[in-house]
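In what follows, a structure is listed as structure tokens, so that the remarks can point back to it.
Here, each number is a calculation from the coordinates, and none is a lab measurement. Since this is a predicted model, take the numbers as computed values, not measurements. Note that we place each Cβ from the backbone using ideal geometry, even for glycine, and neighbour counts take in every protein chain shown.
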Amino acid sequence: MLNTLITSKTRLKLLLKFFLNPMSRAYLRGLAEEFGESSNAIRVELNRFEEAGLLDSEVSGNKKIFKANTHHPLFLDIQSIVKKTIGIDQIVDKVIMHLGEVDQAYITGDFAQGKDGQTVDVLLVGQDINTEYLVQLIAKAEELIKRPIRYLILHDGEARKYLERVGHFLLIWKK
């Protein structure tokens, strides 16, 4: 849906990269490799976002590192639109609230890294989670967002070890 409003694929990828997970940091050549696009196209969009105040940058060595400006007045609105586009808000609303003892919910995988992936990876942390109900809700959420959802349920200690191992994660819900 967002690609209808934003016709630049590079701009759309940058929005996902920086506004889905505000902890994402990247530099020009790294983005060019990640996106498989020319550095010139990416540079133009990065400059536009920076001039608009949506991205901050800092120089580290010979690299200019970009990150989302979380203090920008439109940051939360843009982040909300990006999350709605990939369906995170629907996953949270449809799945978490009626599952039992859920303490935390995370997105891992490509989306946690700010990449537009095909599968949404969800980690639920808690006890006595009703997996039968979870499977039903995930099927409905997959229809809504038009993407498969892969889930994992772990207890707190297991979850900490898992998150350390995967490295990239995005907390989307906490009790």
Going through the cross-link list 63/175; 67/174; 64/175; 9/161, which pairs have a Cα-Cα distance over 27 Å in this structure? 63/175; 64/175; 9/161
Compute the Rg/Rh shape ratio of the chain: radius of gyration over Kirkwood radius, all on alpha-carbon atoms. 1.00
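If you build the Cα gyration tensor of segment 87-174 and take the root of 5 times each eigenvalue, what three semi-axes come out, in whole angstrom, biggest first? Before the final figure, lay out the partial values.
Working: eigenvalues 66, 61, 18 Å².
In descending order the semi-axes read 18, 18, 9 Å.
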If you count, for each residue, the other Cβ atoms within 10 Å and average over each peptide, how do 159-165, 121-127, 147-153 line up from highest to lowest? 121-127, 147-153, 159-165
Semi-axis lengths (Å, descending) of the ellipsoid that matches the C-alpha gyration tensor of segment 2-76: 17, 16, 11
Dipole of the chain (Lys/Arg Cβ +1, Asp/Glu Cβ -1, origin at the Cα centre): which of 76, 99, 31 lies farthest to the positive side? 31
